[in-house]
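Participant: Shown below is the structure under consideration.
Derivation of every value follows stated rules applied to the coordinates shown; laboratory data play no part. Everything numeric here is computed off the predicted structure, so don't read it as measured data. Methodologically, a virtual Cβ is constructed for each residue, glycine included, from the backbone with ideal geometry; neighbour enumeration extends over all protein chains shown.
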């Protein structure tokens, strides 16, 4: 029997959108350094990992590596809820703001962006790490927005259609590409390269 669920927010950045979750920052848990995870958690014990606008700060291959580390720390029915800027959102001002390297000074939050994902790249990255991916919010190649109902009790993504006040009255101003990456049934380990 499992004890209480262990749910972790990585890259929380001082926000506490998910009360009852363990909020961490890069100086506590580095997505690419398994030893920092082992200082806080045992492998196979986490219920959920939430990362809101974190994965765009690492390259595609680093993203696969980070997803593999997450996979090792999730229990068999665990998941990663991941949100990143959406490369297919058809607003030039949005795309300028989220572009690789950011739109301006080095202290801008997007200055360290390494990739702008679309639903294909983010899905492929997590699938390469062994996950099954469920698309929750995303734009397709034509810029059409798609939304699958999801519950905030499983992890609130602030920059989303349902929580971000910029996205009200049927107008989408600042969307995210949001997925749930679920650990595949029957697979208990995912080795790192």
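Participant: For the pair residue 42/residue 91, report the inter-label distance in nm, with labels modelled 7 Å from Cα in the Cβ direction.
Facilitator: 4.6 nm
Participant: Follow-up. Provide the percentage of antiparallel DSSP beta bridges, counting only those with both residues in the chain; round to the nearest 5. Kindly include the intermediate steps, with their values, before the conclusion.
Facilitator: Values: 15 of 27 bridges.
Once the DSSP bridges in the chain are tallied, antiparallel ones form about 55 percent.
Participant: So for the stretch 1-82, Kirkwood radius off the Cα pairs, Stokes-Einstein at 25 °C and 0.890 mPa s: how many µm² s⁻¹? If you can, show how the numbers build up before the last one.
Facilitator: Numbers: Rh = 12.8 Å.
For the chosen part, D equals 192 µm²/s.
Participant: When averaged across all projection directions, what area in nm² does the alpha-carbon convex hull of the stretch 16-62 cover? Walk me through the numbers on the way to the answer.
Facilitator: Details: hull surface 15.8 nm².
Its average projected convex-hull area is 3.9 nm².
Participant: Still on this model: Starting with the highest mean, order 102-109, 121-128 by the number of other Cβ atoms within 10 Å, averaged over the residues of each peptide.
Facilitator: Details: 102-109: 11.1, 121-128: 19.8.
Going from most to least packed, we get 121-128, 102-109.
Participant: Would you work out the relative contact order for the chain, in percent, from Cα pairs under 8 angstrom that are 6 or more residues apart? Don't skip to the answer; put the middle values down first.
Facilitator: Numbers: 377 pairs, mean separation 43.6, N = 193.
That works out to 23 percent.
Participant: Calculate, in nm to one decimal, what residue 59 and residue 171 gain on full extension: separation in residues at 0.36 nm each, minus their alpha carbon distance. Walk me through the numbers on the way to the answer.
Facilitator: Values: separation 112, 0.36 × 112 = 40.32 nm, distance 3.09 nm.
The span from residue 59 to residue 171 would gain 37.2 nm if fully extended.
Participant: Continuing with this model, one more query. How many percent of Cα pairs in the stretch 46-99 exceed 16 Å? Working shown, then result.
Facilitator: On the way: 725 of 1431 pairs.
Summing the P(r) tail past 16 Å for the stretch 46-99 gives 51 percent.
Participant: So what's Rg/Rh here for the stretch 1-154, counting alpha carbon atoms and using the Kirkwood radius for Rh?
Facilitator: Values: Rg = 15.6 Å, Rh = 16.3 Å.
Radius of gyration over Kirkwood radius for the stretch 1-154 works out to 0.96.
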